[in-house]
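Below: one structure, written as C-alpha cells.
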Amino acid sequence: VNHPSHPALLSALRAALGPSHVIDEGDKSAWERDWRKRWNGKALAVVRPASAAEVAATVRLCAQHGVSIVPQGGNTGLVGGGVPDDSGTQVLLSLGRMNRVRGIDRANLTMTVDAGCVLQALQQAADDAGLLFPLSLAAEGSCTIGGNLATNAGGTQVLRYGNARELCLGLEVVTAQGEVWDGLSGLRKDNTGYDLRDLFIGSEGTLGIITGATLKLFPRPAASLTALATCGSLQQCVALLGLAQGRLGAGLTGFEVMNEFSLGLVRQHFPQLQQPLPASPWTALMEYADTDGEANARTRFEGLLESALEAGLIDDAAVAESLAQSASMWHLRESIPLAQSEEGLNVKHDIALPVSAIPAFCERTDAALQAAFPGIRLVNFGHLGDGNLHYNVQCPPGADAREFLARHEPAVNHIVYDAVQALAGSFSAEHGVGVLKRDELVERKSPVAVGMMRAIKSALDPSGLLNPGRVL
Ligand SMILES: Cc1cc2nc3c(=O)[nH]c(=O)nc-3n(C[C@H](O)[C@H](O)[C@H](O)COP(=O)(O)OP(=O)(O)OC[C@H]3O[C@@H](n4cnc5c(N)ncnc54)[C@H](O)[C@@H]3O)c2cc1C
C-alpha cells in the first residue's frame, strides 16, 4: 500500500541514483514554478539522474509505484508543460545533470549530445569545432536541447535552418516502460519504417523522455550582418520580406518584426538599451549570412536596403557596423518577452499563419479586440519570415493585469483563435500545447487528428505515466 509520500519509492530512487539526487524536502521552487510564474506546482520529489540508464531506472520505479513523471530541462517553457501539478504526487525528473557533448563528427557534420545540455553550451561546442549549430532563441542561456526537441522549438534562424525537428537526425529516448531506445543515428536518409524520432519531437514529454540527440551542424558563414529597418505598415514588412528573399536567397537567415508598442516597452523597462532608429509603427530586424566574406555581404545587404528605400517599403535603416552592434540589435528583440513580464501578466499567443495572411489577420483582430476591450495594448512581434507572431494582449493601462486575465482570457483567446482558424493558421506555432492550450487542441484540431494522437499516446504510454494532462 502506498503512503501518500511514497517512502518506499523515494528510498528505492535514492538507492538507484544516490541520496543527494532525490530531493523531497526544502525549497524546490526553482523546479516547481514555471518561467512565467503562472503555474506553481508541488512535486513529490525532484529526481536528477545522470544517465539514460538512471532515467530508465527512475521510470521503472515510478511505474511500479503508479507515480507519474514530469520531465524538465531548463524550465523555460511557456505553456505550463514542464512543472508538476499541485497534487504533490508527481516526480519531477530534471535532466540538468545530463550535460555532456558525447562527440562531434566533423566529416558527417553532426554532434551527439546529452539531452540536458544547455543550448548555448551546444552553440559554443559547435563554434569551438569551427562549425555552426544554428538553433537560437532568447532562452538559450537556460533552455536545454531535450526541451527544445520536446517542444520542437523554433527561434530566430528557422527561415534558413528550420525548427529543432529539422536540426535533429537521431534520438535516444527512455520509453514509458523504462526501456532505452537508441535511435542516435547520424543518417540523413533512412526510410526503414515509421519515423519514431519525429514522433517524440514535439511530444512535450508525453510519449517518452529524450536523453540524447544527434544534431546537424553547418559550416560557419564567413560573415553575418544584422540590420534594422522601419516600416509604416505590416503590409510593407511583408513586401520587404519578399524583396529580401528574392535578393538574398538562402543568405537571409532571420527576419523578425516588432510593433511600436513592444519596442516602447523595452524603452520603458530597459532604458539603457540603445534603439538606433526612431519609433515607427513597425521595425524589422534582418540577418544575412554570406559564405564570401564581409565586403560582399555589405554590398549585397546595403543594396537590398537601398532598393527597399527607393521602393518606399522602408523609411529608415541601420546596418550594424560591428558584432557588438549586431548583438545589441538582437538584444532589443530578445528583451521584449522580459519587458512584457516587467509590465505584468498578459494573454500570450504564439500563432502561425501563411505570411500572406498576416496583415489581414492583424487588421481584423486588432479591431475586434479593441471593440471588445477598449484601451487594450498589443505586444505584437515575432518571426515574420516563418509566418509566426507572438500576438500578446496586455490589459488597458492602469488595469489590474491578473484580474484582467482571470476575467477575460477565454474571451480574448476566442477572438484571436477564431481569426487564426478562419485564415488557416495554427494556435501554437512554437511554444506547444502544455496545459495552457490543451482545450484548444481538442476544440480546434480535427477529431480525426485528435483520435490518432490519443491512439499513439495510449499505445506508447498505456498507464498515462508520462506528463499526464499535458497536450491531450
Ligand atoms: C525568453 C524566452 C524566449 C523564448 N523564445 C522561444 C522561441 O523563440 N522559440 C521557441 O520555440 N520557444 C521559445 N521559448 C519557449 C521554448 O519552448 C523554450 O525556451 C525551450 O524550447 C524549452 O526548453 P527547456 O529545456 O527550458 O524545456 P522545459 O521548459 O523544461 O520543458 C518544456 C517541455 O518539454 C518537456 N521536456 C523537457 N525536457 C524533456 C526531455 N528531455 N524529454 C522529454 N520531454 C522534455 C517538458 O515536460 C515540457 O513539457 C522561449 C522561452 C523564453 C522564456
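Quick notes on this one:
- Flag if GLY18 is modelled with pLDDT under 95 and more than 24 Å from CYS143 (Cβ to Cβ): no
- Selected residue (criterion: modelled with the lowest pLDDT) from residues of region 151-200 that are under 28 Å from THR291 (Cα atoms) and β-branched (Val, Ile, Thr): THR156
- Unmet criterion (only one of (1) in contact (Cβ under 8 Å) with a residue 40 or more places away in the chain; (2) within 16 Å of the ligand (Cβ to nearest atom)) for PRO359: (2)
- ALA411 fulfils the conditions (1) within 22 Å of GLY344 (Cα to Cα); (2) in contact with a Phe, Trp or Tyr (Cβ under 9 Å, 6 or more places away or on another chain); (3) buried (at least 16 other Cβ atoms within 10 Å of the Cβ) except for a single criterion, (3).
- Cβ-Cβ under 6 Å pairs, at least 6 apart or on other chains, region 156-168 side within 12 Å of the ligand (Cβ to nearest atom), far side among the hydroxyl-bearing types (Ser, Thr, Tyr): THR156/SER136; GLN157/SER136; GLN157/THR253
- Residues located in region 188-220, provided they are touching a strand residue (DSSP E or B) at 6+ places or on another chain (Cβ under 7 Å), crowded, with 20+ Cβ neighbours inside 10 Å and not aliphatic (A, V, I, L, M): ARG197, PHE200, GLY205, THR206, GLY208, THR211, GLY212, THR214, LYS216
- Elements of type strands (runs of 3 or more DSSP E) in region 187-305, at least 2 residues being among the small types (Gly, Ala, Ser) and more than 30 Å from ALA339 (Cβ to Cβ): 208-216
- Candidates ALA424, ALA455 - the one that is exposed (fewer than 12 other Cβ atoms within 10 Å of the Cβ), away from the ligand (no atom under 16 Å from the Cβ) and within 22 Å of the chain's Cα centre (by Cα): ALA424
- Hey, VAL450 free of Cβ contacts under 8 Å to residues at least 60 places away in the same chain, outside any loop (DSSP other than H, G, I, E, B) and in contact with a Lys or Arg (Cβ under 8 Å, 6 or more places away or on another chain) or not: no
- Any hit, region 99-114, residues being within 16 Å of the ligand (Cβ to nearest atom) and small (Gly, Ala, Ser): no
- Any hit, region 120-131, residues being within 15 Å of the ligand (Cβ to nearest atom), within 23 Å of ALA52 (Cβ to Cβ), touching a helix residue (DSSP H, G or I) at 6+ places or on another chain (Cβ under 8 Å) and not in a loop (DSSP other than H, G, I, E, B): yes
- Any hit, region 396-405, residues being over 28 Å from GLY232 (Cβ atoms) and buried (at least 21 other Cβ atoms within 10 Å of the Cβ): yes
The values are calculated or read from the model by the stated rules, or taken from the named source; none is laboratory data. Bear in mind the structure is a predicted one, so any value in this text is a computation, not a measurement. All Cβ positions, glycine included, derive from the backbone under ideal geometry; neighbour counts span all protein chains shown.
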